[in-house]
1. Give a residue-ordered list of calculated ³J(HN,Hα) values for the stretch 306-316 (Karplus: 6.51 cos²θ - 1.76 cosθ + 1.60, θ = phi - 60°; whole Hz; x for Gly, Pro).
2. Once you charge only the Cβ atoms, +1 for Lys and Arg and -1 for Asp and Glu, what is the size of the charge dipole of the chain about its Cα centre, to the nearest 20 debye?
3. Order 139-151, 175-187 from most to least packed using the mean count of other Cβ atoms within 10 Å.
4. Between T84, N115, L99, whose Cα lies farthest towards the positive end of the dipole of the chain when Lys and Arg beta carbons carry +1 and Asp and Glu beta carbons carry -1, centred on the Cα centre?
5. Please name whichever of P165, V149, N137 sits farthest to the positive end of the charge dipole of the stretch 77-190, dipole taken about the Cα centre and charges placed at Cβ: Lys and Arg +1, Asp and Glu -1.
6. Once the cut-off is 25 Å, how many percent of the Cα-Cα pairs in the stretch 110-260 end up in the long-distance tail?
7. State the answer as a single residue: which of T176, G387, F285 lies farthest towards the positive end of the charge dipole of the chain, with beta carbon charges of +1 for Lys and Arg and -1 for Asp and Glu, about the Cα centre.
8. Can you pick out the pairs among K273/K441; K273/K435; K81/K249; K138/K256 whose Cα atoms lie more than 23 Å from each other?
Amino acid sequence: MRSAKATVYRRKKSTANTFCTVFILLLVQQLMAQENSPYSRYGIGDLVPNTNIVNRGMGGISAGYVDVISINFNNPASYSKFQTQTEAGTGKIMAGRALLDVGINYEGRTLQSPNQPIKFSSSYGYFSYVQVGLPLNKKWGLSFGLRPVSRVNYNINRIERLTDPISGKVIDTAATTFNGNGGAFLPTIGTGYALGNLSIGGSVGYLFGRKEVSTKRIFLNDTVNYQSSNFINRSFFGGVFFNAGAQYKILLDSSKGKQTNLRLGISGNWEQKIKANRDLVRETFFRDANGANQRVDSVYEKTGERGEMIYPASYTAGFVIDHTENTGRGWLIGVDYVTTQWDNYRFFNEKDAVHNSSQVRVGGQLRPKPAANYFSNVAYRAGFFAGSDYVNVGKKLPQIGFTFGMGLPIANYSLITRDQFTVLNLGFEYSKRGKNDNLLKENLIRVSVGLTLSDLWFRKRRYD
């Protein structure tokens, strides 16, 4: 594990200006909202990345990863390694390095039916996470923040000839619109503590969200007056959510200013019950002159129905081998295995088209020896992942992806703010979901941008 040295990388802008930049970045999600992902109809929606942008550049590995200038919120045991500065001779803590980590995503998605030339594309941006990390002492750290868990957004139109299921005769032509929106979020607060080479941690949060799906059908007939129908299922959920993790460090080699460590890690959450309520509406409607839907009659309506969502257990286990030198040069490589028991997922005691998912993640990072050349101070990351998605519509959805990332230090030339340390993290991902025997194939390009701001806090001043 490396230490952050504010004298190596410095930045020009003041802290106030940087925080304004962060605020603007968080608002970018409001400017880009086009999205169409039919697979988000199932379960709790399309799952968004649950790792820091640093980890995403390395294929998503996180179980055994530790870094003093990023927050690995996937494994709260890593919070125990937040950096502190101690007084020479006495070992007393003089200051601790506080972190603010934020990120945004931009995604481009292409959908295609197998053996069909027509493709459908969409692109959008959204908030990824905001996280704060604070060292409480040399062995104890605290972190809190907010991140999205899933997104629901699709709009599909279909025109078809309806037939009588008994006689087989054609009834009429109908236009059907399938629409969904919503998603889930998770604010958390967690802590990690080190007991020698063993670190343990846990976090508690509040998982909440909404999911609204509707099916509208209009008959296309100029002689018979059919009423248009609208089926709506609107649900809300929220409840306390727990996860935990552990890491264990094994020294492999330490000689001539070099050190190599093996870190084993495990993290995850157990199966949990989340309170939920929903509204079910079956109605007829017409469209007014402005194109808005106006209800004609309510065929069936039940509001405020109470129930629960069973969120399944999920576990991540893996290791990281990291090598550091006193020159600043270093590298690491890691492997994770992730599995989630989606077969146990229930919503109002109903099972959805989901199944157990698993994924293998492999990645690494290289830090060249720092020099006058700026790019020798950059961290380079790469990785890949492969497995099966949790959506199961007819057949399993295989998933594979490749990632690349960089950690770009931002210069700081101010003597007043010499302890501030800022890194711009970039992550690039290309992934494929589905193949020719699935209903849809999906290609996804994701660009992630993160900013880590840090400063020495709680400094104890001394006077001669």
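Derivation of every value follows stated rules applied to the coordinates shown; laboratory data play no part. As the structure is a prediction and not an experimental result, all values here were calculated from the model. Ideal geometry is used to build each Cβ from the backbone, glycine not excepted, and the neighbour counts take in all protein chains shown.
1. Once θ is set to phi - 60°, the couplings for the stretch 306-316 become 9, x, 8, 10, 9, 8, x, 5, 9, 9, 10 Hz.
2. Using Cβ point charges on Lys, Arg, Asp and Glu, the chain gives about 1540 debye.
3. Per-residue mean Cβ counts within 10 Å order the peptides as 139-151, 175-187.
4. Selected residue: T84.
5. N137
6. The calculated P(r) of the stretch 110-260 puts 61 percent of pairs beyond 25 Å.
7. Most positive-ward Cα: G387.
8. Numbers: K273/K441 33 Å; K273/K435 34 Å; K81/K249 12 Å; K138/K256 26 Å.
Violating the 23 Å limit, Cα to Cα: K273/K441; K273/K435; K138/K256.
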